[in-house]
1. Between ILE76, ILE36, ILE98, which is β-branched (Val, Ile, Thr) and more than 27 Å from ARG141 (Cα to Cα)?
2. Please enumerate the residues belonging to segment 103-138 that are hydroxyl-bearing (Ser, Thr, Tyr) and farther than 19 Å from ARG89 by Cβ.
3. Specify the residue that is nearest to GLU42 (Cα to Cα); the eligible residues are those in segment 69-125 that are of a type in the set (S, T, N, Q) and surrounded by fewer than 22 Cβ atoms within 10 Å (Cβ to Cβ).
4. Given (1) of a type in the set (Asp, Glu); (2) touching an Asp or Glu at 6+ places or on another chain (Cβ under 9 Å); (3) assigned to a loop (DSSP other than H, G, I, E, B), where does GLU113 come up short, assuming only one miss?
5. Taking into account only those residues within segment 127-179 that are assigned to a loop (DSSP other than H, G, I, E, B), at pLDDT 95 or above and charged (D, E, K, R), which is surrounded by the fewest Cβ atoms within 10 Å (Cβ to Cβ)?
6. List every residue pair whose Cβ atoms sit under 6 Å apart, with the two residues 6 or more apart in sequence or on different chains, where the first one lies in segment 107-122 and is over 17 Å from LEU85 (Cβ atoms) and the second, anywhere, is crowded, with 16+ Cβ neighbours inside 10 Å and not β-branched (Val, Ile, Thr).
7. Is it true that ALA91 is of a type outside the set (D, E, K, R), closer than 27 Å to LYS129 by Cα and at pLDDT 95 or above?
8. Against the definition (loosely packed, with under 15 Cβ neighbours inside 10 Å, modelled with pLDDT under 60, polar (S, T, N, Q) and assigned to a helix (DSSP H, G or I)), how does GLN19 come out, yes or no?
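The values are calculated or read from the model by the stated rules, or taken from the named source; none is laboratory data. It should be emphasised that the depicted structure is a prediction, and the values quoted were computed from it without experimental measurement. Every residue, glycine as well, gets a Cβ built from its backbone with ideal geometry; the counts of neighbours run over all protein chains shown.
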Amino acid sequence: MDNHGFSEQRSDQNESPVQDSIWKSSDFNQLQLEQIHMGQKERIDVSQYADPSYSYGTMEQIRLALKAFLDIKPYIKMGFVDRELEEIRLAMEEDLPIGLWISKDMYSQQIHEIRLGLSANLEVAVYAKSEYNWMQMEEIRLGLEKGLEISAYANSSFSNLQMKENEAKIEAYSVRIAE
């Protein structure tokens, strides 16, 4: 058994010298090696992500993208990592045009809110801006889902709590008018 504990699991696979040399490298941590092993089991070209500079989470997202025949490399080049790549990959799996709405200064929760809005066929252009934090984006998205007039509170100078208060007022007003 090698120093990573995978020799028995790999014994029936035909590995290339490049892939085999990965297992002998001490540059990878245990979690990274697990991602490489999973890719080999799934017959994925692990050379596309077997890079010690990638975190375990980034390696996982590249592996899952390759498995789904998706290319997330442009997003890696933009500086996205781990959870951000997960949200991008999930959007790509749903055929959502996430690339049109994200910027490199966005975090995973912001990308998540944009993905949810795209999934719900909402007009994400209203809130897919890095000036909004994810909680503000969520309030705007929820308002759009309820069909509310969000222009009264879709303002980055409002906190998410102020947005929520305004959303509740607009919703209450809309209910009174409907009666």
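1. So the residue among ILE76, ILE36, ILE98 that is β-branched (Val, Ile, Thr) and more than 27 Å from ARG141 (Cα to Cα) is ILE36.
2. Within segment 103-138, TYR127, SER130, TYR132 meet the criteria.
3. SER108
4. (3)
5. The selected residue is GLU131.
6. Once the first residue is over 17 Å from LEU85 (Cβ atoms) and sits in segment 107-122, its partners that are crowded, with 16+ Cβ neighbours inside 10 Å and not β-branched (Val, Ile, Thr) give GLY117/ARG141; LEU122/LEU144.
7. yes
8. no
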